[in-house]
Amino acid sequence: MNSVMVTGAAGMIGSHLIDRLLADGVVVHGLDVVPLERANNLREARSHANFHYIQGDIRDKATIERFFRPEASTLYHLASVVGVRHYMEDPLSLIDIAIIGTRNFIALCEKHDVRILFTSTSEVYGRNPVVPWKETDDRVLGATSVDRWSYATSKALIEHMLFGVYRKSGMPMSIVRFFNVYGPRQNPIYVVSQSIYRALRNEAPEIYDGGRQTRCFTYVGDVVDGVIRAATNANAVGEVFNLGNPAEVTIAEVVDMCLRHSASSLTATAIETGKKYGAVYEDIERRVPDVSKARERLGWQATTEVETGIAQTVAWARANPWYLA
Ligand SMILES: NC(=O)c1ccc[n+]([C@@H]2O[C@H](COP(=O)([O-])OP(=O)(O)OC[C@H]3O[C@@H](n4cnc5c(N)ncnc54)[C@H](O)[C@@H]3O)[C@@H](O)[C@H]2O)c1
């Protein structure tokens, strides 16, 4: 039976990936810092006979060695500090987790010839003003005194590590760069999840800096499909792929959709990030993927329209009271 490892197993994308792999008959070994009994996102997976879990920190070498399965075909490496607020609070931990954790996994994967799928981010393009972004486009980042760039920099450094080891030893690896993933189970600190969470609790959502920035919101189900294709397709070895829905919407529009689908008559509260975060913050005006490479090589494209994905996320939140508690 095929077996795989998934780090960041208790997270939004990790848990959806695990549900899909289990449904496909794969044996899954998950790792996350969250204790299994507190991992609400794994409510369905945790009673599955093919699911195994270890709680631990990827910075800890002994944990990684205990977790690692040399017989596994693939390591899906998703564990990461995620969310602007978190990396603004503690860039040092973010970088430690990214670099130390991944370095340890690379050594084991190289030794046992296990393929790595690494989840990177559209943030690596920084504020490159020329959209849509192709995988080979420039990274345009701000000053190192601006904490926001620590996340993009740490993900890009891991990409460099993976390309380096692939060229040196041929260790099979693939990288995906996500564009604003949303959907059921997401921590309510991002624009879609926060707006739905608040609207359903009768609290006003927040809009940063007028909401004129645009994003390409990508439904988690679409992303999981792209991740599996990138991890299993022979054409994807040694390659990086944008995984995003190219439909561009403003933040104000998406908050409005969340309010509408939640049947809420509230209005969003305006937040000025300059006042909230100070000079260590900087926003990105537009973030749009060119997805032709994923379409051509993986036969992948996002198929869930934002309105549909938001409606599904609202329906899921209503049906899962623990999420709104
Ligand atoms: N959601 C998005 O829009 C998005 C966009 C770009 C990239 N990504 C990447 O996708 C991956 C999954 O993101 P997500 O949205 O599911 O986020 P998430 O926060 O829901 O999941 C991340 C998981 O990693 C775990 N984790 C953090 N530090 C850890 C550590 N030291 N050891 C073990 N586990 C640790 C967390 O507990 C969490 O369960 C991440 O690598 C993220 O950087 C996500």
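Summary of values
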item	result
Rounded D (µm²/s) - region 1-153, Kirkwood Rh over Cα pairs, Stokes-Einstein at 25 °C, 0.890 mPa s	148 µm²/s
Neighbour-count ranking [beta-carbon atoms within 10 angstrom, fewest first] of D147, D113	D113, D147
Loop-resident sites, region 38-98, for GluC sites (Glu not before Pro), counting at most 14 other Cβ within 10 Å (DSSP)	E44, E71
Straight-distance crosslink candidates among aspartates and glutamates, where the alpha carbon sits under 20 Å from K61 and sequence neighbours closer than 8 are dropped	D32, E71, D96, E110, D113
Between region 162-223 and region 24-95, the alpha-carbon center distance in angstrom	18 Å
Shape box of region 70-132 [Cα atoms, principal axes, largest first, Å]	42, 30, 14
Cα point-scatterer Debye curve for region 138-280, base-10 log of I(q)/I(0) at q = 0.21 Å⁻¹	-1.31
Ellipsoid equivalent to region 251-309 - semi-axes via the Cα gyration tensor, in Å	30, 22, 6
Gaussian network model of the chain, springs between alpha carbon atoms under 10 Å - residue of A143, A72, A156 with greatest fluctuation	A143
Compactness of region 1-60 as Cα Rg over 2.2 N^0.38 Å, two decimals	0.99
0 to 90° range, to nearest 10: angle between helix 306-319 axis and the chain longest Cα axis	90 degrees
DSSP-defined beta bridges in the chain - what % are antiparallel, rounded to 5	5 percent
Inverse mean reciprocal Cα-Cα distance (Kirkwood Rh) of the chain, Å	20.1 Å
Convex hull of region 216-294 built on C-alpha atoms - directionally averaged projected area, nm²	7.6 nm²
Cα convex hull of region 126-202, projected area averaged across orientations, nm²	7.7 nm²
Low-density loop positions, trypsin sites (Lys or Arg not before Pro), region 151-207 - DSSP coil, at most 16 other Cβ in 10 Å	R201
Set of lysines near K293 by C-alpha distance (under 22 Å), chain-local residues within fewer than 8 positions excluded	K134, K155
Region 1-48 - percent relative contact order, Cα under 8 Å, separation 6 or more	45 percent
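A short reminder: the numbers here are calculations on the coordinates, not readings from a lab. Because the structure is a prediction, the values reported are computed rather than measured. Neighbour counts are summed over all protein chains in view; Cβ atoms, including those assigned to glycine, are modelled from backbone coordinates with ideal geometry.
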